[in-house]
Amino acid sequence: MKHALKTYLSGFTAARALFKPVLFIYASNLILGLTVVLPLVGRLQAGFGQSMLPESLGEGFDYTALTEFLRQTPGLVAGLVSQAWWVMVLFLVLIVFFSGGILVVLKRRENLGVRDVLAGGCDFFFRFFKLFVYMGVLHLLTALVVYLPLMMILKGLAKTVESESSLFFVGLTGVLVHLVLLALLLAVSAYAKIHLVREDSRRVLGAVRRSLGFIFHRLGAVLPLMILFGLTALLAGGIYWMLSGFLTGSSTFILLLFAVQQAYLLVRIWIRVWAYASQSQLVALFTPDHEEQTAYGWV
Amino acid sequence: MGHHQHFFRKGVLLFLGLGGLILLSAGGKAWAQTAIFSEPLSQRLTSYDMKVRLDPDQKRVTGRMILVWRNPSNDAVGELQFHLYLNAFKNTKSTFMRESNGAHRGFDHDGLKADAWGYIDVTSLGVVNGGDLTDRMRFIAPDDGNADDRTVMAVALDTPVPPRGEISLECTFVAKLPQIFARTGYADEYFLVAQWFPKIGVYEPAGQRFAKVGQWNCHQFHQNSEFYANHGVYQVEITLPKRFIVGSCGITQSERENPDGTKTLQIRAEDIVDFAWTASPRFVVVEDRWKHVEIKAYLQPEHLSQAARHIDSAKAAFSYFEEHLGFYPYPHFAIVDPPMRGMGSAGMEYTTLITAGCFWGIPSGLRFTEMVTIHELGHAYFMGILASNEFEEPWIDEGLNTYFETRIMDHTYGKKSSFVDWMGLKIGDSESARSTYVGMRNPKIAENARAAWEFPHGGYGALSYQKTATWMHTLAGLVGQETMDEIMKTFYERWKFRHPCGTDFIAIVNEVVARRQGDRFGEGMDWYFDQVLYGSGVCDYKLADIRNEKKEPHRGLETVNGEKVLLKEAADPGAGYRSRVVLHRLGEVCLPVEVAVGFENGEVAMESWNGTARSIEFRFERPSKVAWAQVDPQGKIPLDVNLMNNSLRSEPRKSSARGLGMKVLFWLQNVMQVFSIFS
């Protein structure tokens, strides 16, 4: 716990210096969103025309207005979903790229500009992409391993149990098991990236193995750190929820609400970079080289 | 209200005071039956006296039945017809299974198991103290001629039943219940015993509904059809294992335990159109009371926390119906909560017994349970008391009932959130009903006024239930809610415990509208029903155009002293605008509509249009421009299938699209970030 707290705090300091790259990632998130939403707004304006009915949609949920609009604008949602899907894939690849750059500059603790992040991202992109593919396969396998048996169990239980609550709790248990495995895989992926960068290694599978070993050997630090970042994300979400609650439904504060939403998204990206920083330092804490010991004041 | 209390007091007094004793032999013991009502509420053309035994292992009900049928006509009736509904589930040759392909309300019939099928065998039939009729029984298929359908049985009599006379029949039968499917059957040890006994059809004398001459009205069981029956008295003695808890359409008057581990309940019901019962060892019974009505909810143990949802919604419905339609005369009401594997029997009505439906842990903002409870309770009126023919005119019972369901839901839980109010999602029940109708792929697929089985290419549900409810709301919008309430109250009072048909309802609409509103809508409202009930067209009015032109001086020539001279500038009409608002009628349905026209200075003008022409133009000369215009600004015509084109601003307001775009942007960015954790 002590190590987790220590790296949690020192990671904060390290991440603070990475504001520009964080802003850059946020901007790419926003721009990709806008590539979908700006044409959508055009289509919405064309679809709304001069009708007064959809005016309520900008302020709150109105079932009749929404269903009427969607009925009169066939294909809108399908088109939106299709575009959103490609944008999500693109952002995913961008994050694969940026995470390499972020970890490189975190290792160096100097030259923390966007250009350095981009250069680092280029260096590690193919290794990280390979890792992403491996981890993607593992995610799929994990989902299959959890949900196929779960479906069979639920199907069998549906014929025997008397209450649907039994099905719910069995289903919930399955989902919780999957969430634990998901968290483990996400941690494996993060620490594998750190190992790849620290060792400038090209052996992706080796990094995965070392990552697994690190997680299980240092579970007393890895798990609390994970929980701390989970709580941090929850805190950020709670603050956003409270603020947006004050502002939702009022056209007067619509720009303020937009600003709060974007600030929340920016903070979430920054929390993720902070997590990388803390995780990097946790690895360094348990396998430090001299330079790192000096830099973090551990000698 | 005073009348109701007196009426009820008399009934209870008699119920408690051992009035009208009828003695029946019951396994060697006498059963003292107590009448529920001091005076019959209906003609009581049928009287069933049944002794039945449930074998839960074999899923069978075996019984003996004495039926007294009274001939309501001046005809000598030489043939009787019976419904044998359970034979719909005997095999895939039945009309029901052919039409449904073995699926009903999303539940598939498990055709692979022999035990899943159901049937009814009439093992003997004869006239009491008369001849045996067993070999006279034959199956008929009056609707589709399907020789393999066994759901209607005809029996020729040696001696016709004389005009206004009666006949007593004795029969024995075996009813094998199907695995829960389409309203009836079993799921483990839960039994919903419905449509389970040989039930006599309705003999319609000349003049009743559409009958030109006296005739049997006894339709086959169809995928979409429900039922039609005379009001009658049911005396039912049920024997079953002691561990079962029983709910029924009637009042349990006695219960005794037998030496063989069974128990026998003696149940009586009066003035209802059908008798159904349920049994399960798992039921937890929650009792409550609304005025004179004892409400019993037969709940699954895992749904006990939702008892209040069932009972409170039932109470809300009783109150609303009493205020807006009429008195609920029965002193009892049962709500049955089917188990998880018995959900195929959820959402069904038998006047004084309904099946609702709920799931463990369902959030209180998802009001499916309340909606179903209110809807099924409403059937106590629409087809229970107002015993319309559900086969031939499903819109009367389902449509008028859905109209009341939406009114009660919106009144009780809020107009825009009565059906769903959960996590920011708000859906009103009446707007949900309208959306189901207007969202049909082809809302013109059929007229509303078709028999239940005459929707071969779809539309039965949306047209019978939701379109009817929507045009009922529209009718209320046109004639006013007070007039509408008077229509419904008059309909109830005049037709309770009788068999109204569509034309009877329309006649009352015409009568009440004429009485309250004179000839405001012309001679009667037939024009309305010709379009919305007997026609298949849609209603769609469009606010097509707004034009504003600054007033300009008139130009050209005028004759002055016999000479043509140019108009002088003095002809300047003054400051202001000439504006035009153009409306189009896109649909086939013509309704009188109101139009609100708003000007930039805040002034609002109301115009009205009879809605018959294909288009109309309203002209205004005002100091300021027309800023907006709206057809049907008060939402009186929910029947309009496109509300997007009902309004227009002279200048588009872009903020709505931007506001919605902002929301989509936020959620898209969120999803991108969440998705990126897999990087």
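For segment A:66-78, give me the residue count where each residue is outside any loop (DSSP other than H, G, I, E, B), in contact with a helix residue (DSSP H, G or I) (Cβ under 8 Å, 6 or more places away or on another chain) and more than 7 Å from chain B (Cβ to nearest Cβ). Write out each step before concluding.
In the first step, residues of segment A:66-78 are kept if they are outside any loop (DSSP other than H, G, I, E, B); the result is A:66-72, A:76-78.
Narrowing further to those that are in contact with a helix residue (DSSP H, G or I) (Cβ under 8 Å, 6 or more places away or on another chain): A:66-72, A:76-77.
So of that shortlist, the ones also more than 7 Å from chain B (Cβ to nearest Cβ) come out as A:66, A:70, A:76-77.
The total comes to 4.
Just wondering, is there one or more residues in segment B:551-570 that are within 18 Å of B:L648 (Cβ to Cβ) and assigned to a strand (DSSP E or B)? First the steps, then the outcome.
Step one: filter segment B:551-570 for residues within 18 Å of B:L648 (Cβ to Cβ), giving none.
The answer is no, given that none of the residues of segment B:551-570 is within 18 Å of B:L648 (Cβ to Cβ) and assigned to a strand (DSSP E or B).
Of the residues B:D148, B:D143, only one is in contact (Cβ under 8 Å) with a residue 24 or more places away in the chain, part of a loop (DSSP other than H, G, I, E, B) and in contact with a Lys or Arg (Cβ under 6 Å, 6 or more places away or on another chain); which? Reasoning before the result, please.
Working: B:D143 fails: in contact with a Lys or Arg (Cβ under 6 Å, 6 or more places away or on another chain).
Result: B:D148 is the single residue among B:D148, B:D143 that is in contact (Cβ under 8 Å) with a residue 24 or more places away in the chain, part of a loop (DSSP other than H, G, I, E, B) and in contact with a Lys or Arg (Cβ under 6 Å, 6 or more places away or on another chain).
Output the residues belonging to segment A:79-128 that are facing another protein chain (nearest Cβ under 9 Å) and on the phi > 0 side of the Ramachandran plot.
Residues satisfying the conditions do not exist here.
Applying the selection to segment A:35-49, what residues are more than 7 Å from chain B (Cβ to nearest Cβ), buried (at least 16 other Cβ atoms within 10 Å of the Cβ) and closer than 19 Å to A:W85 by Cβ?
A:R43
For segment B:607-623, does any single residue satisfy the condition of being within 7 Å of another protein chain (Cβ to nearest Cβ) and among the hydroxyl-bearing types (S, T, Y)? Full working, then the answer.
Keep residues of segment B:607-623 that are within 7 Å of another protein chain (Cβ to nearest Cβ), which gives none.
The answer is no, given that none of the residues of segment B:607-623 is within 7 Å of another protein chain (Cβ to nearest Cβ) and among the hydroxyl-bearing types (S, T, Y).
Spot the failing condition for A:S201; the list is (1) of a type outside the set (A, V, I, L, M, F, W, C); (2) out of contact with any Pro (no Cβ under 9 Å at 6 or more places or on another chain); (3) part of a helix (DSSP H, G or I); (4) surrounded by 13 or more Cβ atoms within 10 Å (Cβ to Cβ), and only one is missed.
Looking at each condition in turn, A:S201 falls short on (3).
Name the residue that is nearest to A:P74 (Cα to Cα), counting only residues in segment B:624-644 that are facing chain A (nearest Cβ under 7 Å) and either buried (at least 24 other Cβ atoms within 10 Å of the Cβ) or touching a residue at least 12 places away in the same chain (Cβ under 8 Å) (or both).
Kept after step one, since they are facing chain A (nearest Cβ under 7 Å), are these residues of segment B:624-644: B:628, B:630, B:642-644.
Subset that is either buried (at least 24 other Cβ atoms within 10 Å of the Cβ) or touching a residue at least 12 places away in the same chain (Cβ under 8 Å) (or both): B:628, B:630, B:642-643.
On the way: B:W628: 26, B:Q630: 24, B:N642: 14, B:L643: 15 Å.
In this case the residue turns out to be B:N642.
Just need a number here: residues in segment B:325-352 that are within 16 Å of the chain's Cα centre (by Cα) and either more than 22 Å from A:V161 (Cα to Cα) or part of a helix (DSSP H, G or I) (or both). Spell out the reasoning first.
We begin by selecting, within segment B:325-352, every residue within 16 Å of the chain's Cα centre (by Cα); these are B:325, B:346-352.
Next, from what is left, pick out any that are either more than 22 Å from A:V161 (Cα to Cα) or part of a helix (DSSP H, G or I) (or both): B:325, B:347-352.
Counting residues in segment B:325-352 that are within 16 Å of the chain's Cα centre (by Cα) and either more than 22 Å from A:V161 (Cα to Cα) or part of a helix (DSSP H, G or I) (or both) gives 7.
Considering only segment B:23-31, I want to know if a residue exists there that is at pLDDT 60 or above and either under 27 Å from B:L177 (Cα atoms) or buried (at least 18 other Cβ atoms within 10 Å of the Cβ) (or both).
Looking only at segment B:23-31, we keep the residues that are at pLDDT 60 or above, and these are B:31.
In the following step, the residues that additionally are either under 27 Å from B:L177 (Cα atoms) or buried (at least 18 other Cβ atoms within 10 Å of the Cβ) (or both) were identified as B:31.
Yes - at least one qualifying residue is present in segment B:23-31.
Taking the condition of being free of Cβ contacts under 8 Å to residues at least 24 places away in the same chain and touching a helix residue (DSSP H, G or I) at 6+ places or on another chain (Cβ under 6 Å), how many residues in segment B:261-311 meet it?
1
Which of the residues spanning segment B:61-75 are surrounded by fewer than 19 Cβ atoms within 10 Å (Cβ to Cβ) and out of contact with any Ser or Thr (no Cβ under 9 Å at 6 or more places or on another chain)?
We begin by selecting, within segment B:61-75, every residue surrounded by fewer than 19 Cβ atoms within 10 Å (Cβ to Cβ); these are B:62, B:64, B:66, B:68, B:70, B:72, B:74-75.
Hits for segment B:61-75 are B:P72, B:N74, B:D75.
Quick one: B:E482 ticks every box in (1) away from every other protein chain (no Cβ under 13 Å); (2) over 27 Å from B:S313 (Cα atoms); (3) more than 17 Å from the chain's Cα centre (by Cα) bar one, so which box is it?
Failed condition: (2).
Determine, yes or no, whether B:W471 is crowded, with 22+ Cβ neighbours inside 10 Å and either outside any helix (DSSP H, G or I) or acidic (D, E) (or both).
Numbers: crowded, with 22+ Cβ neighbours inside 10 Å: yes; either outside any helix (DSSP H, G or I) or acidic (D, E) (or both): no.
So B:W471 fails the test.
Check B:G214, B:G207 and return the single one that is modelled with pLDDT of 95 or more and farther than 26 Å from B:P178 by Cα. Don't jump to the end; show me each part of the working.
Working: B:G207 fails: modelled with pLDDT of 95 or more.
None of the others qualify; the one that does is B:G214.
Give just the number: which of (1) surrounded by 24 or more Cβ atoms within 10 Å (Cβ to Cβ); (2) more than 21 Å from the chain's Cα centre (by Cα) does B:V273 not satisfy?
Looking at each condition in turn, B:V273 falls short on (2).
All but one of (1) farther than 18 Å from A:V137 by Cα; (2) more than 14 Å from chain B (Cβ to nearest Cβ) hold for A:V161, so report the exception by its number.
(2)
Give A:L212, A:L219, A:L176, A:L223 a once-over and let me know the one that is modelled with pLDDT of 95 or more and away from every other protein chain (no Cβ under 14 Å).
Details: A:L212 fails: modelled with pLDDT of 95 or more; A:L219 fails: modelled with pLDDT of 95 or more; A:L223 fails: modelled with pLDDT of 95 or more.
The match here is A:L176.
Could you tell me whether any residue of segment A:228-249 is assigned to a helix (DSSP H, G or I), touching a residue at least 60 places away in the same chain (Cβ under 8 Å), more than 14 Å from chain B (Cβ to nearest Cβ) and within 18 Å of A:L186 (Cβ to Cβ)?
Filtering segment A:228-249 for residues assigned to a helix (DSSP H, G or I) gives A:228-247.
Those still in the list that are touching a residue at least 60 places away in the same chain (Cβ under 8 Å) too: A:228-229.
If we keep only those that are more than 14 Å from chain B (Cβ to nearest Cβ) too, we end up with A:228.
Now restrict to residues that are within 18 Å of A:L186 (Cβ to Cβ): A:228.
Yes; the residues of segment A:228-249 include at least one that is assigned to a helix (DSSP H, G or I), touching a residue at least 60 places away in the same chain (Cβ under 8 Å), more than 14 Å from chain B (Cβ to nearest Cβ) and within 18 Å of A:L186 (Cβ to Cβ).
State all residues of segment A:50-65 that are at the interface with chain B (Cβ under 7 Å from one of its Cβ atoms) and hydroxyl-bearing (S, T, Y); if no residue qualifies, say none. If you could, list the steps in order and put the result at the bottom.
Within segment A:50-65, the subset at the interface with chain B (Cβ under 7 Å from one of its Cβ atoms) is A:50-55, A:57-59, A:61, A:63-64.
Listed by number, the residues that qualify are A:S51, A:Y63, A:T64.
Is it the case, given these coordinates, that A:V137 is modelled with pLDDT of 95 or more, more than 30 Å from B:Q300 (Cα to Cα) and in a helix (DSSP H, G or I)? Step through it out loud before you land on a result.
Working: modelled with pLDDT of 95 or more: yes; more than 30 Å from B:Q300 (Cα to Cα): yes; in a helix (DSSP H, G or I): yes.
Yes, satisfied.
The conditions are (1) facing chain B (nearest Cβ under 8 Å); (2) crowded, with 20+ Cβ neighbours inside 10 Å; (3) among the polar types (S, T, N, Q), and A:T7 fails exactly one of them. Which is it?
Only one criterion in (1) facing chain B (nearest Cβ under 8 Å); (2) crowded, with 20+ Cβ neighbours inside 10 Å; (3) among the polar types (S, T, N, Q) is unmet by A:T7, namely (1).
Could you grab the pairs with beta carbons closer than 6 Å, sequence gap of 6+ or different chains, first residue in segment B:56-70 and touching a residue at least 40 places away in the same chain (Cβ under 8 Å) and of a type in the set (D, E, K, R), second one surrounded by fewer than 20 Cβ atoms within 10 Å (Cβ to Cβ) and not in a strand (DSSP E or B)?
B:R70/B:L45
Quick one: in segment A:243-299, which of the residues that are at pLDDT below 85 and among the β-branched types (V, I, T) is farthest from the chain's Cα centre (by Cα)?
Per the stated criteria, the residue is A:V299.
Regarding B:A147, is this residue within 17 Å of B:C171 (Cα to Cα) and not β-branched (V, I, T)?
Values: within 17 Å of B:C171 (Cα to Cα): no; not β-branched (V, I, T): yes.
Taking the combined requirement at face value, the residue does not satisfy it.
The values are calculated or read from the model by the stated rules, or taken from the named source; none is laboratory data. Bear in mind that the values here come from a model prediction, so they are computed numbers and not experimental data. Cβ coordinates were reconstructed from backbone atoms using ideal geometry, including for glycine residues, and neighbour counts include every protein chain displayed.
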